[in-house]
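What follows is a set of notes on a single structure, which appears directly below.
The values are calculated or read from the model by the stated rules, or taken from the named source; none is laboratory data. Remember, predicted model here, so these are calculated numbers, not experimental data. Note: ideal-geometry Cβ built from the backbone for every residue, glycine included; neighbour counts use all protein chains shown.
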Amino acid sequence: MKRRALIAANWKMHKTSSEAKTFVASLAPRLTQIKDRDVLLCPPFPLIFHVDEARKDTNILLGAQNMYFEEKGAFTGEVSPIMLRDLHCEFVILGHSERRWVFGESDESINKKALAAVNSNLIPVLCVGEKLEEREKNQTEHVILNQLDKGMSGIPESAVSSLVVAYEPVWAIGTGKNASTADAKNAIVLIREFVHSKFGNALAEKIRILYGGSVKPENMKSYMDQEGIDGALIGGASLDVDSFFKMVSY
Ligand code: PGA
């Protein structure tokens, strides 16, 4: 089954409001010729409002890079799913490896976030992937399946069809060392098999699974040519609009 491709930019902690507006103003007119895929921008929290304003009358999708799982309360420094919906976000990246390994997020809290996101009609982009030492110990499959099992626990079937999973091997993120297309494909087959075993074939066929980790204009097409890879989650190479557009129009 051919799923609609999703090309997502994770800007991480980059850009000012004027840089974000300039980026969208430059990207939007180029996207009018591209109708067969989804383009998602995930700016840092303070830029979400500006990107939303700048994307009006375009088909650019909007997402956050993280959120907390409570709706409101005494949680200094956190942002709730309701706030993200209020700013018109449609997606939220959850469980990114920088959240897991720089900020110590557990599978349990990522799962709570995924459930809260779904409850607020936000589509989680759930990131999974192994660290280098885990790969060297042949634990890649175990790590991916464990992160999926815990991360997706309790997600209702109605939300699984729109869910996005990103396979992002930690050793490939921001390092310039992208995974081979065969490794990316194998991991993505494993992820789809997991969804099949938990939720059945129809949902496994619907769910979109992305590859992320040092995707750049030169290697984008080689991933998109792989059966089962439905798109990319792009960090560093998404910051420059020309580079990002090259990957969108792979
Ligand atoms: P990168 O980051 O493209 O800079 O490797 C990807 C990501 O962290 O989502």
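Summed over the stretch 168-185, residues that are assigned to a helix (DSSP H, G or I) and crowded, with 18+ Cβ neighbours inside 10 Å total 5.
Ala116 satisfies every condition listed in (1) surrounded by 15 or more Cβ atoms within 10 Å (Cβ to Cβ); (2) farther than 15 Å from Cys42 by Cα; (3) hydrophobic (A, V, I, L, M, F, W, C); (4) within 16 Å of the ligand (Cβ to nearest atom) except (4).
Residues that are touching a helix residue (DSSP H, G or I) at 6+ places or on another chain (Cβ under 8 Å), of a type outside the set (Ser, Thr, Tyr) and closer than 26 Å to Thr175 by Cα do occur in the stretch 67-87. Can you name the residue in the stretch 86-97 that is of a type outside the set (A, V, I, L, M, F, W, C) and more than 13 Å from the chain's Cα centre (by Cα) and, of all such residues, is farthest from the ligand (Cβ to nearest atom)? If we take residues in the stretch 86-97 being of a type outside the set (A, V, I, L, M, F, W, C) and more than 13 Å from the chain's Cα centre (by Cα), then Asp86 is farthest from the ligand (Cβ to nearest atom).
Scanning the stretch 192-214 for residues that are away from the ligand (no atom under 16 Å from the Cβ), in contact with a strand residue (DSSP E or B) (Cβ under 9 Å, 6 or more places away or on another chain) and among the aliphatic types (A, V, I, L, M) yields Val195, Ile207. Across the stretch 217-236, the qualifying residues are those that are touching a Phe, Trp or Tyr at 6+ places or on another chain (Cβ under 7 Å) and in a helix (DSSP H, G or I), and the one among them that is nearest to Lys185 (Cα to Cα) is Tyr223. When we screen Asp38, Asp57, Asp52 for residues that are of a type in the set (D, E, K, R), under 15 Å from the mean Cα position of the chain (by Cα) and under 24 Å from Ser162 (Cβ atoms), the only hit is Asp38.
For the stretch 90-111, the criterion of being part of a helix (DSSP H, G or I), among the β-branched types (Val, Ile, Thr) and either out of contact with any strand residue (DSSP E or B) (no Cβ under 9 Å at 6 or more places or on another chain) or crowded, with 18+ Cβ neighbours inside 10 Å (or both) is met by at least one residue. Scanning the stretch 166-191 for residues that are near the ligand (Cβ under 10 Å from one of its atoms) and among the polar types (S, T, N, Q), we see that the one that is nearest to Ala5 (Cα to Cα) is Asn178. For the stretch 12-33, the set of residues classified as modelled with pLDDT of 95 or more, more than 22 Å from His96 (Cα to Cα) and not hydroxyl-bearing (Ser, Thr, Tyr) consists of Glu19, Lys21, Phe23, Val24, Ala25, Leu27, Ala28, Pro29, Arg30, Leu31, listed by residue number.
Counting just the residues of the stretch 141-156 that are aliphatic (A, V, I, L, M) and in a helix (DSSP H, G or I), which one comes out nearest to Ala116 (Cα to Cα)? This residue is Leu148. Can you name the residue in the stretch 215-238 that is near the ligand (Cβ under 9 Å from one of its atoms) and in contact (Cβ under 8 Å) with a residue 24 or more places away in the chain and is also surrounded by the most Cβ atoms within 10 Å (Cβ to Cβ) among such residues? Looking at residues that are near the ligand (Cβ under 9 Å from one of its atoms) and in contact (Cβ under 8 Å) with a residue 24 or more places away in the chain, I get Val215. Against the numbered list (1) in contact (Cβ under 8 Å) with a residue 60 or more places away in the chain; (2) of a type in the set (S, T, N, Q); (3) part of a loop (DSSP other than H, G, I, E, B), Ser26 comes up short only at (3).
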